[in-house]
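Structure, as structure tokens:
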Amino acid sequence: MDEELFDLTTPQKAIINMEQFYPGTGMNNIVGKITIHEKVDFAVLKKAIRIFVKNTDNIRYQLHIDQDTIKQYKKEYESFKIDHVVLNSQNTEEICNDIARKPFELFDLPLFRFTTFQNEDETGGFIVCVHHLLTDAWSISMLISTIVSIYSKIIKNEKIEIDNNLYPYTDFITQENQYLQSTKFKQDKEFWEDLFSENIFEDMPIGNSQSNLTYEATRTEFKLSKKVTSKIVDFCKELKISPFTFLLYVIAIYESKVKQTNNIVLSTPILNRSGKKEKNTFGLFVNNMLYKLNIEESTSVYEAITNLNKSQFSYLRHQKYPLQELISNIKSKFQIKENIYNISVSYQNARTNHNEDTVPYDSEWIFTGYLTIPLVFHIYDMDDTSSFSFIYDYQNKIYDFSQIKDIHSRILYIAEQIMENPNILIKDIELTTVEERDKILNDFNNTEVTYDRKKTILDLWAKQVKINPKKVAIICGEKEISYQELDEKSDELAGYLQNKYHLQQGRNISVILERSIDLAVAMLAILKCGCSYVLIDTSHPKDRKIYMIENSNSQYVISDLDLDLKLQNQINWNLNTKIDNKNNYKKVEINSEDSMYLLYTSGSTGLPKAVTITHRNFHNYLIRNLKSSRLYRR
């Protein structure tokens, strides 16, 4: 080919690496929707878009495979198609999602596309979709401001002045190649290797292996009130810290208390544009950086945040070091196969340049619906409403909306406690909100509902088995089980536990199983033995598992996992376990005041607190919720 070929930059190589794990998806698309709040001349708008693309070489870069190596080159301007769609209240979300999620053909073809749209009220605008290989949020904001400015000047018959301060991306390529051979690169490498010299990951709940990652995701947004936003901003000014520093540490405290570990590793994107030249260059510059945070329970938040604020200068001095190289080194050193972090936190304040000389407009990001880690937390400070938006992107197989809502409430509650008393010790910060505590106390103990208080959950279960023996009780993935089958399986396990392990009525039995039919069988079997179960999440760190087992004084632990907890009382079981003494279950007498299970909630010290839920408590809770959902039938 005639065009000059250039190496990919480190940020681009990271994107290409992601493409190899998730081919054929729009995961790496960056998509913005720009709405002009007046009647739109679409011929002029398309002209403005083409003028921008013609005068911005960096958006026209394409990939090419040269001797098995991926390179890039600048494609000379050629006229290109701009689609047009008509949006209404019924089709907007579907059309926007289709545009956002449509993958690009990566090689020797454009890595951008534009679509103009018209709304029912004759307003309209355009949707821009650019592959992450060519851009980041900063560059998209430049693109939006420039195109709207060009459009406005054409409409007003004013002279179009193209910003000649845009620099070629090849300058960054040259600069980065020099950095990778420099003393500065070696110094940065030493800094990060020293920071992660110890294996803090051994007892940390880290992410799934990348090959097993489920990447379909959902975005949920919570808009903070101006009052709350103002309170956060004023608090940060008083402490002389940024809102990002404050909220990053709040999230780290939340993670520490939930995961029961002092060591927290979070990822955050950084602009990686140190000077005016870089800030005026369209292209992909953004890098990601790891924060290693040690959450000491006996430390005051003020002291901890002050120390974090000071350490950030060191982080930022060494921010250019490639994250992928750091992660590769950490995994190799400590023999880690999984992701070493599962949450990313970003503070985004790249604003489009609104001014009185342009038509009125606003912009919004469109989520592609894919995510490489379980949770990404965005703080958006990108408009002029004086309100922060907290945006959560979460993998659908890890979280649901109710869990995200709880996380959001707890993060705000932690922030509120800190703003009320910056010198509060971390151990004294409460995780469970007032509303959650009220729900536990009121929902399980409310006595206004009329029901037979002598009935146990097993009484209710037996009734359902008798009424619906052949109906499906549980569907889990591609597996399902009927009420009768589930009852028989739990009888078999109950007999097995009684005869081989001599379960003592009234004792607690811990269960560490994945969410499955096996888990339901184990829960029922434990209740049939007159015991109560303690559910322990398989993702909990080792220390938390041990604490809950010991704190609950569990007689046994049922699991089919290699827990590495050095337990003397583990019962290795799942539905595939061969049981010799079937049908030997001996029914035991239980009453509604007997414990059904232990519910663990986080207390003020951060250690989980056990709440005993009796059969009557849960019966009451069950009836109340069925009534409120109109599914209750006497």
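Can G530 be described as at positive phi, surrounded by 17 or more Cβ atoms within 10 Å (Cβ to Cβ) and of a type outside the set (V, I, T)? Give the derivation first.
Details: at positive phi: yes; surrounded by 17 or more Cβ atoms within 10 Å (Cβ to Cβ): yes; of a type outside the set (V, I, T): yes.
When the stated conditions are applied, G530 passes them.
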Subset of segment 9-22, residues surrounded by fewer than 20 Cβ atoms within 10 Å (Cβ to Cβ) and assigned to a loop (DSSP other than H, G, I, E, B), comes to Y22
Output the residue which, of all residues in segment 418-436 that are modelled with pLDDT under 90 and either within 28 Å of G530 (Cα to Cα) or aliphatic (A, V, I, L, M) (or both), is least open to solvent (accessible area, probe 1.4 Å). L431
Within segment 114-128, take every residue that is surrounded by fewer than 22 Cβ atoms within 10 Å (Cβ to Cβ) and touching a Ser or Thr at 6+ places or on another chain (Cβ under 9 Å) and give me the one that is farthest from F282 (Cα to Cα). E120
Between I467, I481, I475, which is over 23 Å from L598 (Cα atoms) and open to solvent by less than 20 Å² (accessible area, probe 1.4 Å)? I481
For segment 461-491, the count of residues that are of a type in the set (S, T, N, Q) and either touching a Phe, Trp or Tyr at 6+ places or on another chain (Cβ under 9 Å) or touching a residue at least 60 places away in the same chain (Cβ under 8 Å) (or both) equals 3
Answer yes or no: is there a residue in segment 295-314 that is under 25 Å from the mean Cα position of the chain (by Cα), closer than 23 Å to H378 by Cα and of a type in the set (F, W, Y). no
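Looking only at segment 165-194, which residues are out of contact with any Gly (no Cβ under 8 Å at 6 or more places or on another chain) and within 25 Å of V31 (Cα to Cα)?
Going through segment 165-194, the residues out of contact with any Gly (no Cβ under 8 Å at 6 or more places or on another chain) turn out to be 165-168, 170-171, 173-194.
Residues satisfying the conditions are N165, L166, Y167, P168, T170, I173.
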Which one of these does L519 not meet: (1) open to solvent by 60 Å² or more (accessible area, probe 1.4 Å); (2) among the aliphatic types (A, V, I, L, M); (3) touching a Leu at 6+ places or on another chain (Cβ under 6 Å)? (1)
Mind listing whichever residues of segment 498-511 are in contact (Cβ under 8 Å) with a residue 24 or more places away in the chain and surrounded by fewer than 24 Cβ atoms within 10 Å (Cβ to Cβ)? Q498, N499, K500, Y501, L503, Q504, Q505, G506, R507, N508, V511
Could you tell me whether any residue of segment 142-160 is in a loop (DSSP other than H, G, I, E, B), at pLDDT below 95 and closer than 24 Å to T281 by Cα? yes
What pairs can you find where one residue is in segment 360-371 and under 12 Å from S145 (Cα atoms) and touching a residue at least 24 places away in the same chain (Cβ under 8 Å), the other is of a type in the set (K, R) and in a strand (DSSP E or B), and their Cβ atoms are less than 7 Å apart, with a gap of 6+ or different chains? S363/K33
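Which members of segment 545-565 meet the condition of being touching a residue at least 60 places away in the same chain (Cβ under 8 Å) and touching a Ser or Thr at 6+ places or on another chain (Cβ under 8 Å)? Steps first, answer last, please.
Of segment 545-565, the ones touching a residue at least 60 places away in the same chain (Cβ under 8 Å) are 547-548.
M548 - this is the single residue of segment 545-565 that is touching a residue at least 60 places away in the same chain (Cβ under 8 Å) and touching a Ser or Thr at 6+ places or on another chain (Cβ under 8 Å).
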Of all the residues that make up segment 391-417, how many are closer than 17 Å to L248 by Cα, small (G, A, S) and either surrounded by fewer than 19 Cβ atoms within 10 Å (Cβ to Cβ) or in contact with an Asp or Glu (Cβ under 7 Å, 6 or more places away or on another chain) (or both)? 1
Give me the pairs: first residue in segment 306-324 and under 18 Å from S182 (Cα atoms), second residue open to solvent by less than 30 Å² (accessible area, probe 1.4 Å) and of a type in the set (A, V, I, L, M, F, W, C), beta-carbon distance under 6 Å, and six or more apart or on different chains, which are they? Q319/I270; Q319/M289; Y321/W192
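So for segment 500-508 (the condition being closer than 29 Å to P608 by Cα, under 39 Å from the mean Cα position of the chain (by Cα) and modelled with pLDDT of 90 or more), does at least one residue qualify? Write out each step before concluding.
Here is the first cut: in segment 500-508, the residues closer than 29 Å to P608 by Cα are 501-508.
Filter once more, keeping what is under 39 Å from the mean Cα position of the chain (by Cα): 507-508.
After this cut, where a residue has to be modelled with pLDDT of 90 or more as well, the list is 507-508.
Looking for residues that are closer than 29 Å to P608 by Cα, under 39 Å from the mean Cα position of the chain (by Cα) and modelled with pLDDT of 90 or more, one finds at least one in segment 500-508, hence yes.
Whether any residue in segment 91-113 is assigned to a helix (DSSP H, G or I), surrounded by 14 or more Cβ atoms within 10 Å (Cβ to Cβ) and basic (K, R) is what I want to check.
To start, the set of residues in segment 91-113 that are assigned to a helix (DSSP H, G or I) comprises 92-101.
Narrowing the set further to residues that are surrounded by 14 or more Cβ atoms within 10 Å (Cβ to Cβ) leaves 92, 95-97, 99-101.
Next, from what is left, pick out any that are basic (K, R): 101.
Yes, segment 91-113 contains at least one residue that is assigned to a helix (DSSP H, G or I), surrounded by 14 or more Cβ atoms within 10 Å (Cβ to Cβ) and basic (K, R).
The values are calculated or read from the model by the stated rules, or taken from the named source; none is laboratory data. Just so you know, these numbers come straight off a predicted model, no measurement behind them. Ideal geometry is used to build each Cβ from the backbone, glycine not excepted, and the neighbour counts take in all protein chains shown. Side chains included, ligands, DNA and RNA excluded: accessible areas come from the protein's heavy atoms. Shrake-Rupley method; radii C 1.70, N 1.55, O 1.52, S 1.80 Å.
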